[in-house]
Amino acid sequence: MVNGYDAHMWDLNRLRIWRAVVATGSVVAAAKNLNYTPATVSQHITTLQKAVGAPLYRRSGRGIEITELGRRLADDSAEVFTAVGRLDDLVEGFRTISRPRLRIAAFTSFNARLLPGIIDAVALDHPDLRFDIQLNEPAKNRRGHCLIEIRAEVPQDGENHLPEMTRIPLFEDDYRVVVPEGHRFAGRESVPFIDLEGEHWVDYDMWAGPSSKVVDHACAAAGFERRSFAACEDDFAALALVASNMGITVLPRLSTLQLPPGLVAVDLTDPVPMRRVVMHIRDRDAHLPHVRAFATATEEAVATHLTTP
């Protein structure tokens, strides 16, 4: 027996729970998905049914049978949650107007290996700071008015200065050859660059960005052109191909700090490819506390990287 219509019955949490019950067809399954106990879910849907004043479900054996009204209530309430989501977005938009944001552009290996530790350090003192992270390699990626730019340079090409930004050199990053554990290079301490001539290469920068140009210079210095089997947009795809015994790849040391199982990185000699990693900070924002904190954390992360084997 249910009570009469209650004008105050629309509890959004109960509606959300009811929609989960209808979607799964089971109180137990809904409870598992919502991280509630079945008893809690049963209590909420019983209260909702009493508030509605008409049957939403009937007991059927150990489960429940959803009524026509119960199913319609779940389906039609989707618009309610869509509207609530828009209200959340509206409020969040006004709340974040004064919220500081730090837009960073960097290349893949920096973002994967160094950026998490840098952000963690900055967020400790700036918990309200929002981080927007972009890729600036390959070269086709746009630069969207970032406060911080981390870029790779080709030492042979000289320094690259960005307009209205201060350039800060961070470190020199040497390259290594990455091969499967069973490869003939795997047990060596180093490999002369000329020994790579006959290998099937997997390039990790198909757009000929600065990091790839460093390898081009090394090949020219060793007197050969590499024979590429495949070209990728990032080092993760290149490493996956190498792990499948499809070839070898030459990556900056930063990209080899966390290799997938079954891969080995070996130093190169004669020549040693080298890229320069630099940080650019937008001049008009350099005085901001969170920008200064990011610059400091970056230099500390780099110092740790350079002293870690």
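The values are calculated or read from the model by the stated rules, or taken from the named source; none is laboratory data. Everything quoted here is computed from the prediction, not taken from an experiment. For neighbour counting, all protein chains shown are included, and Cβ atoms are generated from backbone atoms with ideal geometry for every residue, glycine included. All accessible areas refer to the heavy atoms of the entire protein, side chains included, with ligands and DNA or RNA removed. Shrake-Rupley method; radii C 1.70, N 1.55, O 1.52, S 1.80 Å.
A few points about this structure:
- Pairing each residue of the stretch 39-54 that is within 12 Å of Ile17 (Cα to Cα) with any residue that is assigned to a helix (DSSP H, G or I) and basic (Lys, Arg), provided the two are 6+ apart or on different chains, yields C-beta distances under 7 Å for His44/Arg14; Thr47/Arg14; Leu48/Arg14.
- Here is the figure for the stretch 21-36: residues that are in a loop (DSSP other than H, G, I, E, B) and within 15 Å of Arg72 (Cα to Cα) total 1.
- Flag for Phe236 being in the same structural domain as Gly182 (by the TED database), modelled with pLDDT under 90, part of a helix (DSSP H, G or I) and closer than 21 Å to Ala208 by Cβ: yes
- Residues of the stretch 194-210 satisfying the condition of being among the aliphatic types (A, V, I, L, M) and open to solvent by 80 Å² or more (accessible area, probe 1.4 Å): Met206
Rundown of residues vs (1) at pLDDT 90 or above; (2) hydroxyl-bearing (Ser, Thr, Tyr); (3) over 30 Å from Asp283 (Cα atoms), yes/no style:
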residue	(1), (2), (3)
Ser42	yes, yes, yes
Thr46	yes, yes, yes
Val80	no, no, yes
Phe94	no, no, no
Arg99	no, no, no
Ile104	yes, no, no
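- Scanning the stretch 235-245 for residues that are surrounded by fewer than 20 Cβ atoms within 10 Å (Cβ to Cβ), aliphatic (A, V, I, L, M), touching a residue at least 24 places away in the same chain (Cβ under 8 Å) and out of contact with any strand residue (DSSP E or B) (no Cβ under 6 Å at 6 or more places or on another chain) yields a single hit, Ala237.
- Taking the stretch 182-213 as the range and being out of contact with any strand residue (DSSP E or B) (no Cβ under 8 Å at 6 or more places or on another chain) and not in a loop (DSSP other than H, G, I, E, B) as the test, the residues that pass are Ile194, Asp195, Lys213.
- Residue check for Leu129: outside the structural domain of Leu257 (by the TED database), touching a His at 6+ places or on another chain (Cβ under 6 Å) and in contact (Cβ under 8 Å) with a residue 60 or more places away in the chain: yes
- Of all the residues in the stretch 257-281, those that are open to solvent by less than 10 Å² (accessible area, probe 1.4 Å) and either β-branched (Val, Ile, Thr) or in a loop (DSSP other than H, G, I, E, B) (or both) number 4.
- The set of residues in the stretch 164-193 being touching a Gly at 6+ places or on another chain (Cβ under 7 Å) and open to solvent by less than 80 Å² (accessible area, probe 1.4 Å) consists of Pro180 alone.
- Of the residues making up the stretch 214-227, those that are more than 12 Å from Tyr175 (Cβ to Cβ) and in contact (Cβ under 8 Å) with a residue 24 or more places away in the chain number 6.
- Residues that are in a helix (DSSP H, G or I) and of a type in the set (A, V, I, L, M, F, W, C) were ranked within the stretch 37-56; the one that is nearest to the chain's Cα centre (by Cα) is Val41.
- The stretch 108-135 - residue that is part of a loop (DSSP other than H, G, I, E, B) and open to solvent by less than 20 Å² (accessible area, probe 1.4 Å) and, of those, modelled with the lowest pLDDT: Leu129
- If the condition is being closer than 15 Å to Thr108 by Cβ and of a type outside the set (A, V, I, L, M, F, W, C), then the stretch 232-259 contributes Glu233, Asp234, Asp235, Thr249, Pro252, Arg253, Ser255, Thr256, Gln258.
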